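Some notes on the structure that comes next.
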Amino acid sequence: MLEILDTTLREGEQTPYVNFTVDEKVTIAKLLDDIGVDMIEAGDPSVSPNVFKAIERIASLGLGAEVVAHSSATRPGIDRARACGAGRVAIFYATSKIHLDAKLHKTQEQALDIIREHVCYAKGLGLKVRYTPEDATRTDLEFLVQVCNAAIEAGADRISFADTLGIMQPHVMYERVRALRQHLLPCKIDLHCHDDYGLALANAMAGIRAGADCIHTTINGMGERAGIPDLAETILSFHNLEGVQKYNLKALVDASGYLEKVSGFFLAPNKPLTGQNAFSHKSGVHTNGILKDPRTYEPFDPSVIGRERKIVIDKYTGKTAVASRLDEYGIEVSAAELEVIVTRIKNIGDQRKQLFDADILEIAEQVTGREIEVIPHDISAMLMVEVESHVYTSSVVRRMRGFTNVSSVYEVTGDYDISAFVNVENIAALNNLIEEIRTVQGVKRTETRMVLKKYNGNGK
Ligand code: HCA
Ligand code: CU
């Protein structure tokens, strides 16, 4: 059975400018366990006292996932991995020529001894051991096999084939993993693929096809530089493409949102699965197809991960989508009226970034000459926030930007410190959002102003 090791807490925290508190790490570990990942790499306890404390707390939670501590190949490092209560240590030691020469100043023979000795030491302490040849994909294959087999003989039961610089291509990865499977003693093979060319998950999936067992992920694909495979994308690929059905798909979106909030590391709208646009359809041709049968333009139903499809109405939209949106509000229009409404929408769409349902309802009102008494599902509001005096306003701003429904945030003068524009689908969602913003550390008071009408500048 294929496996996932999530390393949001170790590789993910190596994302520039990202640091988690111990409590945040415990929450992340619980979210990961709820999703059902097989292993959680909780950190390298030698990094700082707080990293140690976080691993210790996570290891004591009794999670379903195996808790792994990362460590360099040093005895004090391995001692700390044991002391924090992780059941497994992942020992890394680079094997490529450039790393041995320029960074470690060791010969291949010396490296071999160091790796053998430290795997043996960890095993002697009663730990399960994974060995990671760092920069494995730039390591001479013959030497790589030699080191890995030495580590396996010394007690490692897992090898992490690390594409530390993200230089692989799927077909090369396939060949390499095939060769490893052929020449390595019995062991599990993990794939740790960096995304420098945007090929990380493709490489990892190719390695899985070649016989590897496990992919390393992080929530939202965080990590050094361009990061590593995104947890949600990997799980969906396992589920839909490889038939692995053991994970809780419905928990992925919440985990992603939580990570955005606590990391200040935000998703691009086009991010697969968790991005804002991942299930939105825009052009007339696409929306027409979707409304007739969603399978025309959806590779899978968004409800699989608890999301909903969205039809964007603007100048690209055709009659079917506009009629369907009006129908959602119980508004019937004649074919001739629909024609005029769509034409007006197209004209406005040339000048505006976004049309709200309120705009569409207003156009329908003007065109039909009938008063329409419905409240739009999508609501915009201006949220005013007062920040506690001992807290940096910018830290609250950062947290607020993490909410997907918050479209812009301003630091302002006056009675309040922050003003933010929010777009939500209905009053209940607005209420939830306000409740959540009130729980942000440092928020003292909020006030909400619903937008009744929106005008553009430049005299439009
Ligand atoms: C690094 C180490 C590592 C280790 C991967 C692993 C890498 O920060 O360089 O232990 O599986 O990318 O090689 O993250
Ligand atoms: Cu890495």
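Table for the structure above
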quantity: Residue check for residue 130: crowded, with 17+ Cβ neighbours inside 10 Å, in contact (Cβ under 8 Å) with a residue 60 or more places away in the chain and charged (D, E, K, R); calculated: yes
quantity: Number of positions in the range 379-413 that are under 27 Å from residue 452 (Cα atoms), in contact (Cβ under 8 Å) with a residue 12 or more places away in the chain and hydroxyl-bearing (Ser, Thr, Tyr); calculated: 4
quantity: Test result for residue 100, of a type in the set (A, V, I, L, M), more than 16 Å from ligand 2 (Cβ to nearest atom), open to solvent by less than 70 Å² (accessible area, probe 1.4 Å) and in contact (Cβ under 8 Å) with a residue 12 or more places away in the chain; calculated: no
quantity: Number of positions in the range 195-219 that are open to solvent by 10 Å² or more (accessible area, probe 1.4 Å) and in a helix (DSSP H, G or I); calculated: 6
quantity: Meets criteria (aliphatic (A, V, I, L, M) and buried (at least 18 other Cβ atoms within 10 Å of the Cβ)) for residue 236; calculated: yes
quantity: The lone exception for residue 419 - which of (1) free of Cβ contacts under 8 Å to residues at least 24 places away in the same chain; (2) in contact with a strand residue (DSSP E or B) (Cβ under 7 Å, 6 or more places away or on another chain); (3) open to solvent by less than 100 Å² (accessible area, probe 1.4 Å) it fails; calculated: (1)
quantity: Within the range 133-158, tally of residues that are within 15 Å of ligand 2 (Cβ to nearest atom) and under 18 Å from residue 88 (Cβ atoms); calculated: 2
quantity: Residue within the range 437-447 that is out of contact with any His (no Cβ under 9 Å at 6 or more places or on another chain), in a helix (DSSP H, G or I) and surrounded by 13 or more Cβ atoms within 10 Å (Cβ to Cβ) present; calculated: yes
quantity: Residue in the range 346-359 that is at pLDDT 90 or above and open to solvent by less than 60 Å² (accessible area, probe 1.4 Å) present; calculated: no
quantity: Answer from 224, 242 - the residue that is away from ligand 1 (no atom under 14 Å from the Cβ), charged (D, E, K, R), closer than 21 Å to residue 272 by Cα and under 22 Å from the mean Cα position of the chain (by Cα); calculated: 242
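Condition check ((1) within 15 Å of ligand 2 (Cβ to nearest atom); (2) open to solvent by 10 Å² or more (accessible area, probe 1.4 Å); (3) more than 23 Å from residue 141 (Cβ to Cβ)) across all residues:
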residue	(1), (2), (3)
165	yes, yes, no
169	no, yes, no
173	no, no, no
182	no, yes, no
186	no, yes, no
193	yes, no, no
240	no, yes, yes
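The values are calculated or read from the model by the stated rules, or taken from the named source; none is laboratory data. Predicted, not measured: the structure shown is a model, and the values here were computed from it. Note: ideal-geometry Cβ built from the backbone for every residue, glycine included; neighbour counts use all protein chains shown. Note: accessible area is taken over every heavy atom of the protein model, side chains too, but ligands, DNA and RNA are not part of it. Shrake-Rupley method; radii C 1.70, N 1.55, O 1.52, S 1.80 Å.
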